[in-house]
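As structure tokens, the structure follows; a few thoughts come after it.
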Amino acid sequence: MRNVLLVLGWMCSAVAGAQTVFKTMVPKEPLVTGEAFQVQYILEDADRNALVVPPEFEHFEFVTGPNNYSGTIARANGNKLVMNTVYTLIPGKPGIYTIGGASALINGREIVSNAVQVRVISKEAARRRQIQESGYNPDYVLFPEEDAQEKIRKNLFVRVTVNKQTCFVGEPVLAEFKLYSRLQSKSDIVKNPGFYGFTMFDMVNLEDKVIVTEDVNGRQFNVHTIRKVQLYPLQAGSYTIDPMEVLNKVEFSKSAVRKRTEQQIAEGMLGGDTDDEVPAGTTIVESSISTEPVRITVKPLPEKTKPAGYSGAAGKFRINAAFEKNELSKNEEGVLEVIIRGKGNFIQLDAPEIPWPAGVEGFAPSVKDSLDKSKLPLEGSRTFRYTFICTSPGKYSIPAIRFSYFDTDSNTFHTVSSAPLTVTGTREEKKIKLREEQTVSIAAQSEKKARMAIVALVLIVLLVLLFYSFRKKEKPAVIEEVKVIPPLTAAKEFLANAGTLFETGGSSYYQALYTGTWQFLQERLRLSGSTVSKQTLLHTLEEKGIRPELTQNLLDILAQCETGIYTAAAPTLDKGQLYQETLAVLEAIENVV
């Protein structure tokens with residue numbers, strides 16, 4: 001039995017050893033359109049007279065074949081005859097194709113070689129592949145057959161994204177403007193969106209230099225955050241975030257070089273400068289790109305459940321109030337501090353009304369914010385400091401200060417209250433501590449003055465000697481060019497356009513008044529570009545020492561102009577009163593700044 005098994009094993013081995021090998025071979029690298037390549041059909045241990053029949057070469061142009069070659073190769077069981085049948089083809093369009101196997105008749109039995117799959121790429125893709133493999137940067141090179149504007153379109157663009165396109169009045173919308181680039185470019189923001197109908201809070205701008213890498217359709221881009229803002233809608237309606245426009249100067253090389261592309265982006269960086277030095281072997285191509293306009297639908301708040309005294313707060317808040325001192329002397333100024341904490345549209349929060357009792361005179365509050373600008377919505381606190389005096393002695397009670405807000409999570413109104421407070425005004429005069437001053441005798445003062453006079457005389461003599469000693473070596477004075485600073489424009493001139501539209505009325509009048517006011521503030525406070533916002537305005541006015549009540553009047557004017565521009569509701573002041581109030585506020589700022 002054992003001998004029979006050995007014989008059967010030997011016979012199987014012999015058959016296997018005699019089995020003919022028939023295989024198809026093509027280049028391992030991707031094929032290039034228009035460039036010839038060879039398909040080889042290889043037969044091992046076959047009859048010299050074996051006939052190889054090729055498949056139909058679909059999607060390929062036939063050039064030559066068959067070209068037959070034969071030879072021998074050494075194997076463990078002796079030399080084997082090898083036949084190689086070669087066909088030359090040219091690929092057409094880029095794509096992935098299958099080349100079928102050939103058939104051959106061996107000892108009366110038909111055998112078929114394996115089918116193979118090939119990838120065909122364009123000449124441009126082949127050149128890019130070659131450049132990448134050699135360490136060169138294909139994005140920096142502009143090849144002769146490439147269209148510069150088309151290459152820029154694919155490799156340099158700006159996008160705007162928003163986290164929502166429908167919201168309630170006061171509910172924040174996050175808008176991000178980003179530049180995506182794979183090119184060597186200089187980009188200039190020539191137009192920023194106006195964000196009409198919204199109060200804006202900047203989270204990120206160019207000065208923060210936020211640059212990351214993002215994958216877009218399988219390709220890596222350098223991504224620069226141009227601007228990231230929270231937008232708080234002022235009124236119900238439909239509003240458009242208009243496009244941001246960017247002008248670019250893109251540098252391309254005319255030949256393959258090793259270079260890592262870099263991007264520069266700023267506001268007003270390119271300006272009117274057209275004399276940039278162009279590096280040798282390169283070319284500069286200009287291109288203009290912009291974001292798409294985005295429509296935001298703002299829904300009104302439910303009127304039926306709106307609490308009395310609601311002033312527009314949206315989010316989640318709590319309120320605390322306390323006196324700095326609970327007992328005040330006669331005519332001593334006291335401070336009531338009201339703090340609203342939470343998250344929401346802080347930049348639109350109005351100062352709560354304080355129900356001052358008779359015998360207490362209160363004044364307009366100052367405002368101080370402590371906000372985390374990285375949170376959406378804004379999170380932190382706004383502090384209102386009310387100064388007051390007790391006009392007559394006595395114990396006074398301040399009832400709970402109420403504050404209402406709209407919860408954008410539950411779409412319902414809520415009202416929170418502080419604890420009631422008491423303050424006492426006494427009959428006693430405020431004690432003023434006088435600083436003790438050290439008196440100096442007349443004789444001591446005279447002696448000190450005499451010493452100072454002697455020192456001054458010595459210094460004068462030394463200065464005269466130094467002047468004459470260096471006079472001969474003195475060089476001709478260089479007259480420095482004096483730059484003449486143009487005079488600032490008066491506030492009334494900025495409002496001239498609004499004056500001409502006074503009789504016309506309508507939104508154009510309020511738009512002119514609004515624009516003129518902002519133009520005045522930009523010139524006086526040196527605001528420009530993305531810094532033009534109410535947030536920056538409040539900070540700058542505080543730095544310039546503008547009184548809080550004047551700042552509040554200015555904000556009220558801007559809010560009334562926005563009401564006239566974007567809604568059908570009439571502002572609280574008529575056109576004449578609004579114009580006169582605006583002029584008075586601007587002239588008051590003009591006298592300080």
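Spot the failing condition for P144; the list is (1) touching a residue at least 24 places away in the same chain (Cβ under 8 Å); (2) at negative phi, and only one is missed.
Among (1) touching a residue at least 24 places away in the same chain (Cβ under 8 Å); (2) at negative phi, the lone unmet condition for P144 is (1).
Table: residues versus (1) in contact with a helix residue (DSSP H, G or I) (Cβ under 9 Å, 6 or more places away or on another chain); (2) modelled with pLDDT under 90; (3) basic (K, R); (4) not assigned by TED's automatic domain parsing to the domain that holds D147.
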| site | (1), (2), (3), (4) |
| --- | --- |
| Q184 | yes, no, no, no |
| D188 | no, no, no, no |
| G194 | no, yes, no, no |
| D242 | no, no, no, no |
| K259 | yes, yes, yes, no |
| V294 | no, no, no, no |
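Looking only at the range 242-262, how many residues end up being in a strand (DSSP E or B) and farther than 30 Å from Q165 by Cβ? Working first, answer last.
Applying the first criterion (in a strand (DSSP E or B)) to the range 242-262 yields 245-253.
From what is left, the residues that are farther than 30 Å from Q165 by Cβ are 249-253.
Selection size over the range 242-262: 5.
Does at least one position in the range 308-318 carry a residue that is closer than 30 Å to W356 by Cβ, charged (D, E, K, R) and assigned to a strand (DSSP E or B)? Even if it seems obvious, please write down each step before you answer.
So in the range 308-318, the residues closer than 30 Å to W356 by Cβ come out as 308-318.
If we keep only those that are charged (D, E, K, R) as well, we get 316, 318.
Subsequent filtering for residues that are assigned to a strand (DSSP E or B) retains 316, 318.
Yes.
Being of a type in the set (G, A, S) and over 21 Å from Y41 (Cβ atoms) is the filter here, so list the residues in the range 87-126 that pass it. Before the answer, list the steps.
Restricting attention to the range 87-126, the residues satisfying the condition of being of a type in the set (G, A, S) are 92, 95, 100-104, 108, 113, 115, 122, 125-126.
Within the range 87-126, G92, G95, S122, A125, A126 qualify.
Has the range 299-315 got any residue that is closer than 30 Å to V160 by Cβ and either of a type in the set (D, E) or exposed (fewer than 13 other Cβ atoms within 10 Å of the Cβ) (or both)?
yes
When the residues of the range 509-537 are filtered to those that are at pLDDT below 80 and assigned to a helix (DSSP H, G or I), which remaining residue is nearest to the chain's Cα centre (by Cα)? Spell out how you get there, then give the answer.
Narrowing the range 509-537 to residues at pLDDT below 80: 527-536.
Still in the list and also assigned to a helix (DSSP H, G or I): 529-531, 534-536.
Numbers: G529: 14, S530: 11, T531: 13, K534: 18, Q535: 17, T536: 17 Å.
Of everything passing the filter in the range 509-537, S530 is nearest to the chain's Cα centre (by Cα).
Are any residues in the range 69-125 over 20 Å from V53 (Cα atoms) and of a type in the set (V, I, T), and if so, which ones?
Within the range 69-125, T72, I73, I96, V118, V120, I121 qualify.
In the range 329-349, what count of residues is obtained for those that are out of contact with any Lys or Arg (no Cβ under 6 Å at 6 or more places or on another chain) and buried (at least 22 other Cβ atoms within 10 Å of the Cβ)?
3
Out of all the residues in the range 387-412, which are over 20 Å from I347 (Cβ atoms), of a type outside the set (A, V, I, L, M) and in a strand (DSSP E or B)?
Hits for the range 387-412 are T387, F388, C390, G394, K395, Y396, S397, R402, T412.
Please verify whether R435 is basic (K, R) and modelled with pLDDT under 65, treating the condition exactly as stated. Reasoning before the result, please.
Numbers: basic (K, R): yes; modelled with pLDDT under 65: yes.
Answer is yes for this residue.
State all residues of the range 355-381 that are under 14 Å from H539 (Cβ atoms) and part of a strand (DSSP E or B); if no residue qualifies, say none.
Within the range 355-381, the first condition is being under 14 Å from H539 (Cβ atoms), and the residues that meet it are 366-371, 373.
Selection gives S366, V367, K368, D369, S370, L371.
What residue, of V53, V39, is surrounded by 15 or more Cβ atoms within 10 Å (Cβ to Cβ) and of a type in the set (A, V, I, L, M, F, W, C)?
Details: V53 fails: surrounded by 15 or more Cβ atoms within 10 Å (Cβ to Cβ).
Step by step, each of V53, V39 is checked, and only V39 is surrounded by 15 or more Cβ atoms within 10 Å (Cβ to Cβ) and of a type in the set (A, V, I, L, M, F, W, C).
Name the residues in the range 135-144 that are at pLDDT 80 or above and over 28 Å from the mean Cα position of the chain (by Cα), would you?
Filtering the range 135-144 for residues at pLDDT 80 or above gives 139-144.
V141, L142, F143, P144, listed by residue number.
The values are calculated or read from the model by the stated rules, or taken from the named source; none is laboratory data. What you see is a predicted model; the values in this text were computed from it and never measured. Using ideal geometry, Cβ is built from the backbone for each residue, glycine included, and neighbour counts are taken over all protein chains shown.
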